[in-house]
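Student: Next up is a structure, given as structure tokens.
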Amino acid sequence: MAIMDKEAARTIENVSALIEEQGLTKEELVTMLRQIMEIRVFENNIANLLSKAVLKGASHLYAGEEAVAVGAVAALRDDDLITSTHRGHGHAHAHGDRAAKTPEGKQQHYNRMMAEVLGKAGGYCKGKGGSMHIADVEHGNLGATGIVGGNIPVAVGAALAQKLMKNDRVVLCFFGDGASNTGNFHESLNMAALWDLPVVFVVENNQYAMSVPWKKASKLQSISARAVAYGIPGETVDGMNPLTVRGAVLKAVERARRGEGPSLIECQTYRWFGHSHSDPRAYRTREEENEWKQRDPFKKFREDLKIAGILTEAEAEALEQEVNRKLETAMQFSEASPEPGPADLETDVFAPSVWTKQDVEREAVLRQRVRTDPNMRQISYSQALVEAMREEMLRDERVFIFGEDVGLYGGAYGATRGLFEEFGEWRVIDTPISEATIGGAAVGAAMAGMRPVAEIMYVDFTPLAMDQIANQGAKNRYMFGGKTTVPMVIRTEGGAGRAIAAHHSQSLESLWTHFPGIYVVMPATPYDAKGLLKAAIRDDNPVMFIEHKMLYKEKGPVPEEDYVIPLGVADIKRPGRDVTLVSYSRMVLRSLEAAEILAKEGIDVEVIDLRTLKPLDIDTVIASVKKTGRFVGVTEAYENTSFINEVMAQVNELAFDWLDAPMVRVASANVPVPRAEVLEDLAIPNVGRIVEACRKVMS
Amino acid sequence: MAEELFIPKLGQTVETVTLIAWKVEDGAKVEFGQEVLEVETDKAVFPVEANANGYIHLGPYKAGDVLPVLTVVAIIGKQDEKFAVSAAPAVGAEELEKAATEESAPSRAVGAVQPSSLPQAVQEGGREVPFASPRARRLAVEKGVDVRQVSPTGGGGVRVVEKDVVAYLSRQPKATPLARRIAEAEGLDLSALNAGEGVITKTDVLGAVKAGGAVQSAPLPISAEGDVRERIPLKGVRGIIAERMAVSVHTTARVTMFMDADATELVRFRKRLKERYEKEWDFSPGYNELLAKICASALRRYPYMNARLVEDAIEHLAHVNIGIAVDTDRGLLVPVVRDVDAKGLRQIGEEFRQLAERARSGRSQLDDISGGTFTITNLGMYDIDYFTPVINLPEAAILGVGRIVPRPVYIGDELMRREMMTLSLVFDHRLVDGAPAARFLQYIRDLIEEPALLGVL
């Protein structure tokens, strides 16, 4: 009895001290307890549904860790932002409950979370995201990711947007101990620290990355100690107590808001359930579990508030009943909510096109003028790109450029030359060599309202950023039920011709066309480069804009006026009767050369430059095939699964009955691009091979 | 020398026929093309026509005998000749080979076979179809060209390409498409028709056909006795109908669905077609052909409806061949228009008109009424609204079409006069479930309501 009293006295002292220090009202404290309880019953309910096999899909339950999300979100201002993880129900609830301002609104939020986990149309993301992808971008929840560590660069980008927009919002980035060992963590903390970005990294150290304990995953036992490496504050706190979490996060948030940069806060916590439903938890002992459960915030915080005299038992019971009723209502809502209809399958992949029929017609007229006006000025492909970015930056202050060597150096191929001098270091930003975080920061900045143009120096390096651009950037709109847009451009360049071998010469566009939700643009001429880049910047979708290293010095006519080329319109670069030749990027020029040779043999080749692979203007291709009956596709990509194969498949589906000969493709050898010029020339399609292919379809 | 009259090979799968009745007396004088014998396959009753002018001497075969195809059943020659089979029987190479290995009937002994004596059907069936590019095939179908007649030059001489068909066409006598089709159906060589410098028309072809000898069908024999006022023997078309309907009803799991369709646009569409094309085409498409086209589109989209049940599997079929029920004096016949999905309305209409005409005049060929994959039966002209037709085995479904009649219908909040019809889809639940069948029917309904989409879908 004496011991209990002593303990109780200590609790009163501790709790009271924390409350006093943070100046918390009873209402705020009860809200925190209510949120903890609501997360817990939500998760227990899901565990129950999973065990009854009523619920399908993965669910990573937050039970046990409630104090972290509730405490951290309680330290935010209403207009601050968060990013979440696959174990994200707690973050989504703490944030959504705070964003909703009425009891009805709070119930609706709870309903929509439950419906989303159950894959119902009434969910936050119309049932398209589910447990791992709850988002509420409108209110500042930039969403949860299924990739461990996937949202750390996104949070950095959102914080960069705040800095560039010169407001004082802070981004709270949740992730786990497992994510602390990904490259994203290191790249992101470095970049955020470097630029003093307003982001607070909250590590939920629940001791295990799936089954592997932290001590088996890191030499350094404290995650927060890693902050030293990036020159930012780091702190480890008790993640089972919402008040200690709130206190630490509040300090970090205030620091960030003052413009002093990021902090790393490690919250020691524990998950009650396994990693997921299928996890037998063989890697931890029941004793260890019981020890942590003594500190269960669901019970302990309630007791603390009672002991501290904030809450009576009757109030606590009433609160519990209210929470249970709320859960019941949410389940009723979810069960009544319809399944998504088949028509929803293909909606929300892309943001609606900003291009009108008039834009398309205007461009067709302009193109004609470019082709026929002998007095039009001639500029290079790289000058055209510089002009495009300059004009868009003058037109829209949300547009900014960042990447490796884009600043003073002007880009590896001179495509940003002069912009640093004109716009300064905060609109043309040199980055560390961190491709993943360049890609992810572009996603986060775009979702937070900017229009980033990020440069990845070589397309060969884009796989380093693939998770960020493809898994987050391209999919977020769909996963989040169409409730976000990601208006970003990733500029990069590819192609062979400089004898720089297998890591600097590839044509990797089909890696990018494969993913839903991202456009792929590949201009062949200065005119196309300028108009398409301007359009890509104005488009509301992620765009992979792939230039060709051998084209930067090529000159061609470019109008001086402001113009855009709507995405998804191919250009017939040379009309012809006999063969439809479809190509893009540098191979268009070789195809045109081949067409001239064939013309002397009486073979009239129609050369179509796709200009944008996605959206693909298949109509122009089909109309041509219906006319000629013969198809040759030319690409610099590896023949194996190149994009031209997709075009051929579509021709087969849409115009089989018009084909008069088997389709033929000309593509690069299925070998890494070799250094020796003689081998490089053999690997890449040349004019002779294109001529041969056309003769073959004519035979 | 006398001409041997043999049982024609009526199709790839027909091995034997049952002799139903001789239509002429032994020793009678017959004319080329005259129907002399009636035989029955498992599918239908077929007339056998005299293949020469002269006196017919019947072989020792009577009603009920089951005969292998290509059996010589009579000779046609001089009045005083006697039935005898020559040393070289009119047996196809296939059958000869079979006889050699299986030691079948002694009358089918192996003998020296003159290639010229091989029946046409075998020659046709045995002839290889060359490779043709899709574009060339498309043009060939459009122009009614048999690609087997075209010399290939594509791919180094292995593939018929577009220009080969164009070259072939430029060498052919000029004829209207209708004339070409009639000639094809009648087995008439157009190049034998002398049309001078002009274009061969339907009239030219029909004239030539008539000159070749018209065929008259004999009425079915009728018997009556006792208190039966009239006795209709269960044989011929009637017998087959009786048997097949019973088999269908007893073996299929029939489910019928009814759906109303607003045919206002279809009526308008048909009217427009008539105004526009009747002169040029010599006819205008009826609802049957329009519905055939609509069903073909639906069958392509929902291949599970274009199916048949075999012993251990459901087979989705490659061709969309649509049977359209025709009421004839002899009973119900279902001529089949082939590959409806690949043909235009004009071609469908022309083919169906020929098929129906042949069916009504009792001159259907086996190919006319077999190979269907789906059937349409229309009783609208008798003011029937809906009904439950019997599935034409081995098909998976049949569409019953009711009359088109104005009814008040709510469009939004407004009551309007619309031309309404009811569709009755009977399908075999062994092959297809209710919901997929319903989707199929909905799609048909949608096209009826918006026939303009036919050209798009």
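Student: At a 1.4 Å probe radius, carbon and sulfur cover how many percent of the accessible area of segment A:416-549?
Tutor: The nonpolar share, carbon plus sulfur, comes to 57 percent.
Student: Report P(r) for segment A:513-564: all Cα-Cα distances, bin width 5 Å, range 0 to the bin holding the largest distance, values in whole percent.
Tutor: Going from the shortest bin to the longest, the percentages are 4, 19, 27, 22, 16, 8, 3, 0.
Student: log₁₀ I(q)/I(0) of segment A:488-643 at q = 0.12, 0.17, 0.19, 0.21 Å⁻¹, via Debye over equal Cα point scatterers, no solvent, to two decimals?
Tutor: -0.51, -1.02, -1.24, -1.43
Student: Still on this model: May I ask you to work out the translational diffusion coefficient for segment A:263-418 at 37 °C, viscosity 0.692 mPa s, via Stokes-Einstein with Rh from the Kirkwood sum over Cα pairs, reported in whole µm²/s?
Tutor: Reported coefficient: 133 µm²/s.
Student: Related question: For segment B:255-261, just list the computed ³J(HN,Hα) in residue order, Karplus coefficients 6.51, -1.76 and 1.60, θ = phi - 60°, integers in Hz, with x standing in for Gly and Pro.
Tutor: 3J(HN,Hα) across segment B:255-261, in whole Hz: 10, 10, 10, 10, 8, 7, 9.
Student: Now a separate question. Could you go through segment B:136-151 in sequence order and give the Karplus-derived ³J(HN,Hα) for each residue, using 6.51 cos²θ - 1.76 cosθ + 1.60 with θ = phi - 60°, rounded to whole Hz, and x for Gly and Pro?
Tutor: These are the phi-based 3J(HN,Hα) values: 5, 4, 4, 5, 4, 5, 4, 9, x, 9, 7, 4, 5, 8, 9, 7 Hz.
Student: For A:Glu21 and A:Glu593, what is the calculated FRET efficiency with R₀ set at 60 Å and r taken between the beta-carbons, to the nearest 0.05?
Tutor: That pair, A:Glu21 with A:Glu593, gives E of 0.20.
Student: Computed over the Cα atoms, what is the radius of gyration of segment A:567-610 divided by 2.2 N^0.38 Å, N being its residue count?
Tutor: 1.08
Student: Here is a follow-up. Could you tell me what percent of the accessible area of segment A:1-153 is made up of carbon and sulfur, with a 1.4 Å probe and every protein chain present?
Tutor: 55 percent
Student: Quick one: accessible area per residue over the protein assembly as shown, 1.4 Å probe, rounded to a whole number of Å²?
Tutor: 44 Å²
Student: Can you give me the long-range amide H partners of B:Leu379? Hydrogens built in the peptide plane at 1.01 Å from N, cutoff under 5 Å, separation of 5 or more residues or another chain.
Tutor: Amide H neighbours of B:Leu379: B:Val401.
Student: Further question: In segment A:2-334, how does Rg compare with the Kirkwood Rh, expressed as the Rg/Rh ratio over alpha carbon atoms?
Tutor: 0.95
Student: Given R₀ = 45 Å, FRET efficiency for B:Arg430-B:Thr203 by Cβ-Cβ distance, to 0.05?
Tutor: That gives a FRET efficiency of 0.35.
Student: I'd like the Kirkwood hydrodynamic radius of segment B:388-457, using the inverse of the mean 1/r over distinct C-alpha pairs, in Å.
Tutor: By the Kirkwood definition, the hydrodynamic radius is 14.0 Å.
Student: Which value in deg cm²/dmol, rounded to the nearest 500, describes the helix-derived mean residue ellipticity at 222 nm for the protein assembly as shown, given -39,500 (n - 2.57) per DSSP H run of n ≥ 4 and division by the residue count?
Tutor: Taken over the protein assembly as shown, the calculation gives -12000 deg cm²/dmol.
Student: A further question on this structure: Could you check the simple spin-label distance between B:Asp65 and B:Asp282, using points 7 Å along Cα→Cβ, in nm with one decimal?
Tutor: 4.1 nm
Student: Give, rounded to the nearest 20 debye, the magnitude of the charge dipole that the protein assembly as shown has about its Cα centre when Lys and Arg contribute +1 at Cβ and Asp and Glu contribute -1 at Cβ.
Tutor: With Lys and Arg at +1 and Asp and Glu at -1, about 1020 debye.
Student: Per the Debye formula with a single identical scatterer at each Cα and no solvent contribution, what log10 I(q)/I(0) holds for the protein assembly as shown at q = 0.04, 0.07 Å⁻¹?
Tutor: The Cα Debye sum returns log10 ratios of -0.36, -0.88.
Student: Can you give me the distance in nm between label points at B:Thr18 and A:Glu7, each placed 7 Å from the Cα along the Cα-to-Cβ direction?
Tutor: Label at B:Thr18, label at A:Glu7, 9.7 nm between them.
Student: Let me know the mean shielding of B:130-140 by other chains, meaning the per-residue number of their Cβ atoms within 10 Å of its Cβ.
Tutor: Taking all residues of B:130-140 together, the mean is 4.
Student: Putting +1 on Lys and Arg Cβ atoms and -1 on Asp and Glu Cβ atoms, find which of A:Pro338, B:Val73, A:Val486 reaches farthest to the positive end of the dipole of the protein assembly as shown.
Tutor: It is A:Val486, whose Cα lies furthest towards the positive end.
Student: Something else now. Leaving ligands and nucleic acids out of the surface, order B:Phe6, A:Phe400 by accessible area at 1.4 Å, largest first.
Tutor: B:Phe6, A:Phe400
Student: Further question on the same structure: Please compute, over every Cα-Cα pair in segment A:571-698, the percentage with a separation greater than 23 angstrom.
Tutor: I get 25 percent for the Cα pairs in segment A:571-698 exceeding 23 Å.
Student: Multiply the residue separation of B:Arg301 and B:Arg148 by 0.36 nm, subtract the distance between their alpha-carbon atoms, and state the gained length in nm to one decimal.
Tutor: Gain on stretching B:Arg301 to B:Arg148: 52.1 nm.
Student: Quick query: amide H of B:Leu423 versus all other amide H atoms, modeled in the peptide plane; which residues come in under 5 Å with a sequence gap of 5 or more or a different chain?
Tutor: When sequence neighbours closer than 5 places are left aside, the close amide H contacts are B:Met259, B:Asp260, B:Ala261.
Student: Can you tell me the length gained on complete extension of the stretch A:Lys293 to A:Ala669, counting 0.36 nm per residue apart and subtracting the Cα distance?
Tutor: Answer, rounded to one decimal: 129.3 nm.
Student: Now, a different point. Read phi for every residue in segment A:627-643 and hand back ³J(HN,Hα) as whole Hz from Karplus 6.51 cos²θ - 1.76 cosθ + 1.60, θ = phi - 60°, with x for Gly and Pro.
Tutor: Karplus values, whole Hz, x for Gly and Pro: 6, 8, x, 9, 10, 10, x, 10, 9, 8, 6, 3, 4, 4, 6, 5, 5.
Student: Looking only at segment A:285-313, which residues have a backbone nitrogen under 16 Å from a spot 7 Å from the Cα of A:Lys215 in the C-beta direction?
Tutor: A:285-289, A:291-292
Student: Here's another thing I want to ask about it. What size of dipole, in debye to the nearest 20, comes out for segment B:238-455 about its Cα centre when the only charges are +1 on Lys and Arg C-beta atoms and -1 on Asp and Glu C-beta atoms?
Tutor: About 360 debye.
Student: Hey, another quick one. In chain A, with Lys and Arg counted as +1 and Asp and Glu as -1 at Cβ, which of these residues, A:Ala159, A:Tyr208, A:Pro566, has the Cα nearest the positive end of the dipole, that is, farthest along it?
Tutor: Farthest along the dipole direction, towards plus: A:Pro566.
Student: Next question, about the same structure. Using a Förster radius of 30 Å, what is the FRET efficiency between A:Arg369 and A:Glu422 based on their Cβ-Cβ separation? Nearest 0.05, please.
Tutor: Approximately 0.55, to the nearest 0.05.
Student: So, one more: Assign unit charges at the C-beta atoms only (+1 for Lys and Arg, -1 for Asp and Glu), then state the dipole size of segment A:2-334 relative to its Cα centre in Debye, rounded to the nearest 20.
Tutor: Roughly 920 debye, rounded to the nearest 20.
Student: Still on this structure, please answer the following. What does the buried accessible surface come to for A and B, summed over both chains, with the probe at 1.4 Å? Round to 100 Å².
Tutor: Roughly 900 Å² of accessible surface disappears when A and B pair.
Student: Please report Rg (one decimal) and Dmax (integer) in Å for the Cα set of segment A:631-697.
Tutor: My reading of the Cα-based Rg and Dmax gives 13.2, 44 Å.
Student: Have a look at segment A:632-664 and report residues whose accessible surface goes down by 10 Å² or more when the remaining protein chains are included, against the chain on its own, probe 1.4 Å, ligands and DNA/RNA excluded.
Tutor: A:Phe656, A:Asp657, A:Trp658, A:Leu659, A:Asp660, A:Pro662
Student: While we're looking at this one, here's another question. Charges on Cβ only, +1 for Lys and Arg, -1 for Asp and Glu, centred on the Cα centroid of chain A; of A:Asn48, A:Ala501, A:Ile379, which one is farthest towards the dipole's positive end?
Tutor: Checked the options; the winner is A:Ala501.
Student: Kindly state, as a whole number, the per residue volume in cubic angstrom of the convex hull around the alpha carbon atoms of segment A:7-76.
Tutor: Once divided by residue count, the hull of segment A:7-76 is 109 Å³.
Student: How big is segment A:416-566 along each principal axis, measuring the range of its Cα positions in Å and listing the largest first?
Tutor: Dimensions of segment A:416-566 along the principal axes of its Cα atoms: 43, 39, 30 Å.
Student: Continuing with the same structure: Just in segment A:265-304: which trypsin sites (Lys or Arg not before Pro) are loop by DSSP and have at most 16 other Cβ atoms within 10 Å?
Tutor: A:Arg281, A:Arg284
Student: Per the 1.4 Å probe, what fraction of the accessible area of segment A:221-354, in percent, lies on carbon and sulfur atoms?
Tutor: Exposed carbon and sulfur together represent 54 percent of the surface.
Student: Separation between the A:Asp279 and B:Val228 pseudo-spin-labels, each 7 Å from Cα along Cα→Cβ, expressed in nm?
Tutor: Distance between the two pseudo-spin positions: 8.4 nm.
Student: Continuing with the same structure: When you take every Cα atom in segment B:238-455, what is the radius of gyration, and what is Dmax, the widest Cα pair distance, in Å?
Tutor: In Å, with Rg to one decimal and Dmax whole: 16.9, 53.
Student: Near the amide H of B:Phe374, under 5 Å away, which other amide H atoms are found, from residues 5 or more places off or on another chain, if H is placed in the peptide plane?
Tutor: Here B:Asn321, B:Gly323 satisfy the definition.
Student: Could you pull the Cα extents of segment A:252-355 along its three principal axes, largest to smallest, in whole Å?
Tutor: 62, 46, 38
The values are calculated or read from the model by the stated rules, or taken from the named source; none is laboratory data. In this text the structure is predicted, and so the values were computed from the model without any measurement. Glycine gets a Cβ as well: all are built from the backbone with ideal geometry, and neighbour counts include every protein chain shown. For accessibility, only protein heavy atoms count, side chains too; no ligands or nucleic acids. Shrake-Rupley method; radii C 1.70, N 1.55, O 1.52, S 1.80 Å.
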